[in-house]
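Enquirer: One structure, pasted below without further comment.
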Amino acid sequence: MKPTPTRIEPIFSPRIWGARSLAPLFPERSNLHEPIGEAWLTGTECKIATGPFAGKKLGEAWKEMPVEWRGEQLAAVMDFPLLVKFIFPTDKLSIQVHPDDAYASTHEKAAGGRGKTEMWHAVSAEAGAHVLIGLVSKADKKKFLEALSSNTIENLFVPWRVQPGDTFFVPAGTPHTIGKDMVLCEVQQYSDLTYRVYDYGRVDAQGKPRELHIKKALDVIRFGRPIAGKVSRISLPAHGLQKMLLAACHYFATERWKNFAQIETQSDSAHFDLLVVLSGSGHFVWQDGSAEYHRGECWLIPAGLGKFALNSLEPSKLLRTYVPDLPALRARLERDGHSWQEIAKTVFD
């Protein structure tokens, strides 16, 4: 089963705060009859579109993938480790928080037992777009509950302006919400555990309020924790393109590649890569074949692919994300001349 760049079909999830047009990422999805909030690019139910696993669901294919596909450090990992989404909000999302692995492994075994740390990269944003990440220093559990009861909970949050190209890091235990008028690419642990704290009085299609999870949220919110929020990017060595490390932690590392006509690169035997095309189009070229890529697509690059090239037909921008060896990544950044203070603003424990 020869390693081959493999395209994954997205799954589109309706949300009450979503959009009725997903252009320009998905121009064929306009004038939708219901609002779509998320496009799951690597859901385990997503179908694989190309390569030897074509027609299978990603979760099924992962269990069959040999080390040449997964990578040496992921050979024994039971479940696909990365969830990547596009988010299309035309209204505020609920205020929410996610548990960490320790809490989830004890209290959420039926839901997979994994916490949820995530990052957001702004694909686009209109003037005034913002997110709320983390609580102000004076906020404690008592003030939090008082603000919930008086519908003033937003006043306890730190607001962050969002501009295209910004990246935000949201570790487990950090309450947050996403505002309207932007498109985000979210990279996260593979988990869908969300504790909804406040939902702005909205109701679902049946006219019922959505469930809140106040007790569990209070269990996992880390009051007084320093906030990462908007993160600094680190320039990476590259020839013929701009390559930036956007954010990294034990669960994922994400880079942005842009402004390239041709890239000659190589897979990493330690791990597979995901390449998410934010704009542009072109071709993948490898030893035994080639394939077209287009914006909105997600491609899995097997660890054992070896040398391959990306040839752009129009200006292209993409995200590369993978499961890192975090100490090795830090050491590599230090060898490239970055100080530990600089690294600490982008690479998180």
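The values are calculated or read from the model by the stated rules, or taken from the named source; none is laboratory data. What you are looking at is a predicted structure, and each value in this text was computed from that prediction instead of being measured. Cβ sites come from the backbone with ideal geometry, for glycine too, and all protein chains shown count toward neighbours.
Enquirer: Would you please name the residue that is farthest from Gly337 (Cα to Cα), looking only at residues in the stretch 222-264 that are under 18 Å from the mean Cα position of the chain (by Cα) and among the polar types (S, T, N, Q)?
Expert: Thr254
Enquirer: Is one or more of the residues making up the stretch 45-64 over 21 Å from the mean Cα position of the chain (by Cα), aromatic (Phe, Trp, Tyr) and more than 30 Å from Asp219 (Cα to Cα)?
Expert: Checking the stretch 45-64: at least one residue is over 21 Å from the mean Cα position of the chain (by Cα), aromatic (Phe, Trp, Tyr) and more than 30 Å from Asp219 (Cα to Cα).
Enquirer: Then there's this: Would you say Gly43 is among the small types (Gly, Ala, Ser), assigned to a loop (DSSP other than H, G, I, E, B) and surrounded by 14 or more Cβ atoms within 10 Å (Cβ to Cβ)?
Expert: Criteria met by Gly43.
Enquirer: Among the residues in the stretch 315-325, are any over 22 Å from the mean Cα position of the chain (by Cα), of a type in the set (D, E, K, R) and within 12 Å of Ala253 (Cβ to Cβ)?
Expert: no
Enquirer: Being among the acidic types (Asp, Glu) and closer than 28 Å to Thr4 by Cβ is the filter here, so list the residues in the stretch 296-349 that pass it.
Expert: Across the stretch 296-349, the qualifying residues are Glu297, Glu314, Asp325.
Enquirer: Let me ask something else about it. Filter the stretch 319-339 down to the residues that are free of Cβ contacts under 8 Å to residues at least 40 places away in the same chain, farther than 27 Å from Leu83 by Cβ and surrounded by 11 or more Cβ atoms within 10 Å (Cβ to Cβ) and list them by number.
Expert: Correct list: Ala331, Glu334.
Enquirer: Condition first: part of a loop (DSSP other than H, G, I, E, B), over 20 Å from Tyr322 (Cβ atoms) and either in contact with a Ser or Thr (Cβ under 6 Å, 6 or more places away or on another chain) or of a type outside the set (Phe, Trp, Tyr) (or both). Can you find one or more residues in the stretch 69-90 that meet it?
Expert: yes
Enquirer: List every residue pair whose Cβ atoms lie under 6 Å apart, where the two residues are 6 or more positions apart in sequence or sit on different chains, the first residue falls within the stretch 102-128 and is at pLDDT 95 or above, and the second residue, located anywhere, is small (Gly, Ala, Ser) and in a loop (DSSP other than H, G, I, E, B).
Expert: Ala104/Gly113; Ala104/Gly115; Ser105/Gly113; Arg114/Ser191; Gly115/Ala172; Lys116/Ala172; Lys116/Ser191; Thr117/Ala172
Enquirer: Go through the stretch 260-290 and give me each residue that's closer than 13 Å to Leu310 by Cβ, crowded, with 16+ Cβ neighbours inside 10 Å and among the acidic types (Asp, Glu).
Expert: Once the filter is applied, which keeps residues that are closer than 13 Å to Leu310 by Cβ, crowded, with 16+ Cβ neighbours inside 10 Å and among the acidic types (Asp, Glu), the stretch 260-290 yields only Asp273.
Enquirer: So is Gly51 closer than 23 Å to Leu318 by Cβ and assigned to a loop (DSSP other than H, G, I, E, B) or not?
Expert: yes
Enquirer: Is it true that some residue in the stretch 83-94 is over 16 Å from Cys298 (Cβ atoms), at pLDDT 95 or above, of a type in the set (D, E, K, R) and buried (at least 21 other Cβ atoms within 10 Å of the Cβ)?
Expert: No, because not a single residue in the stretch 83-94 is over 16 Å from Cys298 (Cβ atoms), at pLDDT 95 or above, of a type in the set (D, E, K, R) and buried (at least 21 other Cβ atoms within 10 Å of the Cβ).
Enquirer: Same structure again: Under the condition of being surrounded by fewer than 13 Cβ atoms within 10 Å (Cβ to Cβ) and small (Gly, Ala, Ser), which residue from the stretch 117-162 is nearest to Ser316 (Cα to Cα)?
Expert: Only one residue tops the list, namely Ala127.
Enquirer: Now a separate question. For Arg320, work out the one condition from (1) over 24 Å from Gly229 (Cβ atoms); (2) at pLDDT 95 or above it doesn't fulfil.
Expert: Single failed check for Arg320: (1).
Enquirer: Looking only at the stretch 255-295, filter to residues that are β-branched (Val, Ile, Thr) and touching a Ser or Thr at 6+ places or on another chain (Cβ under 8 Å); which one of those is farthest from Pro3 (Cα to Cα)?
Expert: Within the stretch 255-295, the match that is farthest from Pro3 (Cα to Cα) is Val277.
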